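Nothing in this text is a laboratory measurement; each read-out follows from the coordinates by a stated rule. Owing to the predicted nature of the structure, the values given are computational and were not obtained by experimental measurement. Every residue, glycine as well, gets a Cβ built from its backbone with ideal geometry; the counts of neighbours run over all protein chains shown.
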Amino acid sequence: MDARAGETDGRLGQSHVRVEGPDKVTGRARYSSDLTGPESGTAHAALVTSTIARGRITGFDLAAAERVPGVLRIFTHRDFAGAVAPVKHLMAGGYANSSHRPLDSDAVAYAGQIVALVVAETLEAAEAAAGAVTVAYAAEPAAGGFDAPGAETVRLADLKPHHEDIARGDAEAALHTAAARIEARYETPVQHHNPIELFTTRAAWDGDRLTVHEPTRYVGAVQHGLAAQLGLDPAQVRVVAGLIGGHFGSKFALSQHTALVALAAKRLGRPVSLVPSRRQCFTIANYRPESRHTIRLGADRTGRFTALVHEAETVTSRFDPFVMEGAEVTASLYACPNIRTAERAVRVDRNTPGPMRAPPEVPFLFALESAVDEMAVALGMDPIALRRINDTAVDPVSGKPFSTRPLMACFAAGARAFGWSRRVPRPGSMRDGPWRVGLGCAASVRPVKIAAATMRVRLGPDGSAEVACAHHEIGNGITTLLALGAADGLGVPVERVTVRLGDTDLPAAGISGGSSTTTSLMSALALGCGQIRQVLAQAATGQGGRLAGRDPGTLRLVGGRLVAPEGTGIPLAEAVGSEGVETVAAFVPEGSDRETALKGLRGGHIGLSLGGAGKAVSWGFGAQFAEVHVHAETGEIRVARLTGAFAAGRILNPLTAKSQLTGGMIWGLGSALLEETVIDGAAYRNPDLAEYLVPTAADAPEVEALLVPDPDDEVDALGLKGLGELGIIGVNAAIANAVHHATGRRIRSLPIRLEDVA
Ligand code: MOS
């Protein structure tokens with residue numbers, strides 16, 4: 001936890017089950033969608049969404065819907081036009097996951113846009129009435145994706161002012177003279193987050209004070225965004241996220257429907273709860289946009305890379321500047337003197353995409369790590385040996401050192417556990433009865449992010465402690481880490497620590513994103529525990545104190561006592577007094593301006609900075625291995641085994657760390673073989689879990705996540721890196737590389753289906 005962790009019981013670093021686990025598995029845990037009992041007086045909302053992708057609404061026929069028993073009101077743009085003030089996208093200095101405002105006019109900008117909000121006494125009545133609403137449209141042509149007439153290609157730098165394409169050396173000339181060259185196009189599809197808990201909102205007014213329950217991973221952005229939309233003081237708005245039933249990268253900022261539910265609650269004078277359908281969640285929120293890449297890689301005879309060109313395009317909406325940037329990671333992964341990147345966005349008539357776990361790395365490393373494997377085949381080299389030759393301690397783009405670079409240690413540990421040595425190099429040469437067997441590997445890398453956070457820490461005279469801040473339990477285990485950390489830092493049992501999260505009434509903490517939760521919150525907790533110890537030590541060592549004359553810096557909180565190094569100490573009740581002691585810690589990452597960071601945090605803005613404090617490049621690393629079986633006659637593809645070895649700084653709870661990594665790896669299997677949102681025209685055609693495929697237990701093979709030691713004293717003061725997103729990255733490439741090894745077929749477009757290899 002802090003410099004003294006080794007001297008305490010040291011629960012951090014040891015495996016511990018999730019403290020909220022029993023509530024979750026017994027059904028006691030309450031989610032935002034659960035707050036709908038009749039005793040609360042809650043009315044229920046349902047959405048009507050557009051069936052055209054672009055055009056105008058010319059009329060509504062509401063008669064049948066209004067006849068449904070229990071219907072209270074049907075709101076359309078005729079009711080809400082002008083009622084919601086514009087706010088910008090979170091990534092553009094605002095608060096929203098889309099700046100588009102449904103129900104603001106008769107215009108339709110994408111398929112599945114909200115065009116009416118029905119409120120009724122029951123969810124069943126609301127859904128029945130929503131189904132009975134008839135909308136008349138005047139449709140206009142819509143561009144649904146790459147190459148559609150009307151799609152507009154723009155340079156990333158024109159959409160995102162800070163973006164710069166990379167140009168180092170002369171990549172074209174180096175490609176020309178390279179001994180070996182790979183040039184290939186890679187494609188990844190649209191993917192949608194499908195957490196179990198849907199994108200729900202409950203809004204209740206008490207006079208002019210609004211309380212919203214929504215499973216968001218940034219309550220602060222929802223609070224400030226709603227206040228701006230509805231002309232309220234942020235202090236009038238309380239947002240509670242409670243537990244979050246999964247997100248995969250969704251639920252990341254203010255939703256488009258939140259203000260509409262709040263307005264409906266205001267006009268009806270009672271709480272309103274919206275639980276949209278799974279189908280609607282494909283268009284009222286965000287998604288991982290499709291991408292395509294051209295990679296050109298040149299190498300000399302020994303395998304040293306001499307040139308890398310990565311050109312990439314991803315889709316975005318007409319109205320938001322959200323674009324995935326990823327070539328800055330692929331450009332910095334391997335030593336190479338000549339590098340050029342070019343990234344473009346293609347604007348189409350769809351809802352705005354958003355982050356989906358490891359937003360750029362999942363598609364961008366699919367491209368690069370497939371190309372590296374292709375180069376290994378072209379050179380007749382082992383793909384791990386090729387990566388070792390091109391390993392680098394220095395970022396080839398910025399020239400800065402990596403704070404640690406255990407990439408090849410991950411490959412070594414993973415290869416050993418996976419049994420890479422039994423791989424027969426020639427594609428198509430391994431067999432198991434009717435199955436062709438392939439072994440493939442790929443790298444996983446991700447820059448470390450860290451953010452400012454404030455946190456209240458309280459220690460009571462009875463040895464109870466409370467940790468509270470407006471961050472969120474997204475299922476990653478942060479509640480458990482905070483309980484363990486407070487137990488270590490304050491010398492009390494884990495069971496005596498209460499952790500409170502997910503509520504804007506608590507001290508501000510930022511978005512649960514970018515794998516920054518552990519780095520940021522554990523830093524704030526260490527600060528808070530240190531402040532408490534300091535207050536107590538000062539009092540005890542001061543004049544008249546029981547430990548007077550001792551150096552306050554040497555006192556520790558252990559086993560419910562404040563103790564000096566030789567063992568003399570005083571009980572907690574005496575040290576903290578009858579009131580207990582409380583502090584609010586304000587952590588700001590090294591290298592960030594304190595005032596700016598805290599102002600942004602308290603204002604609901606996003607403020608992730610990079611680990612390494614600007615001096616070093618700090619990444620988490622991993623090596624992914626896949627064994628794939630492809631049926632020689634049917635082409636059926638089964639993943640038999642996945643092994644991943646990961647280095648992500650200091651690991652605070654190996655159990656939850658491995659759980660996150662394992663989950664990510666299984667999700668990566670989905671990314672390789674299953675997940676794809678199909679677009680026809682400009683609409684999603686498989687928006688449900690029957691037709692949008694995600695890995696189930698039957699798909700999930702033997703999965704092993706290994707932790708590779710990665711002591712890093714430059715990344716941040718505690719040596720933490722975070723690993724929420726590391727597990728999924730590179731799995732798609734490892735599987736595609738294994739499919740090539742099994743069959744000799746190089747599949748460059750995901751997902752890989754049996755028709756690709758049959
Ligand atoms: Mo990441 S998509 O911010 O969880």
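Mind listing the phi-derived Karplus ³J(HN,Hα) values for the stretch 187-192, rounded to whole Hz, using 6.51, -1.76 and 1.60 with θ = phi - 60°, and x for any glycine or proline?
9, 10, x, 5, 10, 10
So if we plug the beta-carbon distance of residue 388 and residue 538 into 1/(1 + (r/R0)^6) with R0 = 41 Å, what FRET efficiency do we get, rounded to 0.05?
Working: r = 53 Å, r/R0 = 1.30.
That gives a FRET efficiency of 0.15.
At a 10 angstrom cut-off on C-beta neighbours, averaged per residue, how do the peptides 413-426, 717-730, 42-55 rank from highest to lowest?
Working: 413-426: 16.1, 717-730: 27.3, 42-55: 22.7.
In decreasing order of mean packing, 413-426, 717-730, 42-55 become 717-730, 42-55, 413-426.
Within a 10 angstrom radius of the beta carbon, how do 192, 162 rank from fewest other beta carbons to most? Working shown, then result.
Details: 192 23, 162 7.
In order of increasing Cβ crowding within 10 Å: 162, 192.
What residues qualify as long-range amide H neighbours of residue 72, i.e. H under 5 Å apart, gap of 5 or more or another chain, H built at 1.01 Å from N?
119, 120, 121
Would you calculate a helix-derived [θ] at 222 nm for the chain, using -39,500 (n - 2.57) for each DSSP H run of n ≥ 4 and dividing by the full residue count, to the nearest 500?
Numbers: 20 runs with 195 residues, N = 758.
Only helices count here, giving -7500 deg cm²/dmol.
Let's see if you can work this out: charge +1 on each Lys and Arg Cβ, -1 on each Asp and Glu Cβ, no other charges. What is the dipole magnitude of the chain about its Cα centre, in debye to the nearest 20?
On the way: 74 positive and 81 negative charges, 105 e Å.
The calculated dipole for the chain is roughly 500 debye.
Between residue 691 and residue 638, what length comes free when the chain is fully extended (0.36 nm per residue of separation minus the Cα-Cα distance, one decimal in nm)?
Working: separation 53, 0.36 × 53 = 19.08 nm, distance 1.90 nm.
Result for the pair: 17.2 nm of gain on full extension.
Below 28 Å, Cα to Cα, which lysines can residue 599 reach? Residues fewer than 8 away in the same chain don't count.
Leaving aside lysines fewer than 8 places away in the same chain, those within reach of residue 599 are 88, 160, 251, 449, 615, 721.
Which whole-Hz couplings ³J(HN,Hα) result when phi for each residue of the stretch 373-385 is put into the Karplus expression 6.51 cos²θ - 1.76 cosθ + 1.60, θ = phi - 60°, listed in order with x for Gly and Pro?
In residue order, the calculated couplings are 5, 5, 5, 4, 5, 4, 8, x, 10, 5, x, 6, 4 Hz.
What is the Rg over Rh value, at two decimals, for the chain, using alpha-carbon atoms and the Kirkwood definition of Rh? It would help to have the intermediate numbers written out before the result.
Values: Rg = 27.0 Å, Rh = 27.3 Å.
My calculation puts Rg/Rh at 0.99.
Could you list which residues have their amide H under 5 Å from that of residue 446, counting only those 5 or more apart in sequence or on another chain, with H placed in the peptide plane?
620
Roughly how many whole Å is it from the C-alpha centroid of the stretch 473-513 to that of the stretch 17-52?
Spelled out, the Cα-based centre of one part sits 22 Å from the other.
5 Å is the cut-off here: which amide hydrogens, built 1.01 Å from N in the peptide plane, fall below it relative to residue 291, excluding neighbours closer than 5 in sequence?
188
Hey, can you rank 530-537, 443-450 by average C-beta count inside 10 Å, highest first? Walk me through the numbers on the way to the answer.
Details: 530-537: 20.2, 443-450: 27.0.
Going by the mean number of other Cβ atoms within 10 Å, highest first, we get 443-450, 530-537.
Any idea how far the Cα center of the stretch 619-684 sits from the one of the stretch 321-367, in Å?
19
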